[in-house]
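The values are calculated or read from the model by the stated rules, or taken from the named source; none is laboratory data. A quick note: this is a predicted structure, and the numbers were derived from the prediction, not measured. Note: ideal-geometry Cβ built from the backbone for every residue, glycine included; neighbour counts use all protein chains shown. The accessibility values were calculated without ligands, DNA or RNA, using every heavy atom of the protein model including side chains. Shrake-Rupley method; radii C 1.70, N 1.55, O 1.52, S 1.80 Å.
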Amino acid sequence: MKRIAAALLMALALPLSSRAELQPVRVLSISNAQQLLVELDGQGRAVRLACLQAPRRSQTPWSTRASVAINALVKVGDQALFELRSRDVYGRLVGRLLIDGEDLGAALIRQGAVVAWDGFLGRCDDLDYSVLETEAASAELGVWSAQPPLERPWDVMEREGGGEP
């Protein structure tokens with residue numbers, strides 16, 4: 001209950017335009033470092049975190065480390081707030097997920113678990129994800145410590161013939 005109250009207080013601190021889009025959800029499962037299943041309005045819905053890309057499965061050990069990172073930040077059963085930014089061709093809702101008032105995507109980027117990506121659906125220009133990525137890269141956190149440097153996940157996706165982003 002404290003988590004819901006904290007999240008609602010954070011929602012009140014957001015600009016009015018963002019506040020109107022926040023919806024309470026419950027985490028049902030974590031698919032990978034960029035996709036979760038949440039209960040929204042009594043239905044299970046796939047949520048794709050906006051404006052970021054996790055390492056592809058073939059990018060080991062980084063894809064595994066990204067999954068470990070998201071599982072450390074969010075648990076099945078957690079209450080959260082969801083900010084819808086778009087819908088994609090795979091039927092997923094695309095947006096931000098706030099866990100205890102903290103943007104899950106920003107936390108993953110800050111750790112270097114995932115990379116900022118404005119090439120996906122959803123508004124990204126109002127988020128500081130690229131700044132967070134630059135800070136993580138400067139500190140050589142997560143994927144930014146890879147030697148040789150990790151290939152961008154969307155380049156891997158294109159080379160491997162597509163697949164769900």
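Key figures
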read-out	value
Residue count, region 29-62 (criterion: open to solvent by 20 Å² or more (accessible area, probe 1.4 Å) and closer than 24 Å to Pro149 by Cα)	7
Residues (outside any helix (DSSP H, G or I) and among the aromatic types (Phe, Trp, Tyr)) located in region 119-145	Phe120
Counted residues, region 142-162 - those being of a type in the set (D, E, K, R) and more than 22 Å from the chain's Cα centre (by Cα)	2
First in region 74-91 and surrounded by fewer than 19 Cβ atoms within 10 Å (Cβ to Cβ), second anywhere and at pLDDT below 95 and of a type in the set (Asp, Glu), Cβ under 7 Å, 6 or more apart	Leu84/Glu21; Tyr90/Glu164
Pick from region 66-118, criterion of a type in the set (Lys, Arg) and assigned to a strand (DSSP E or B), ranking: modelled with the highest pLDDT	Arg96
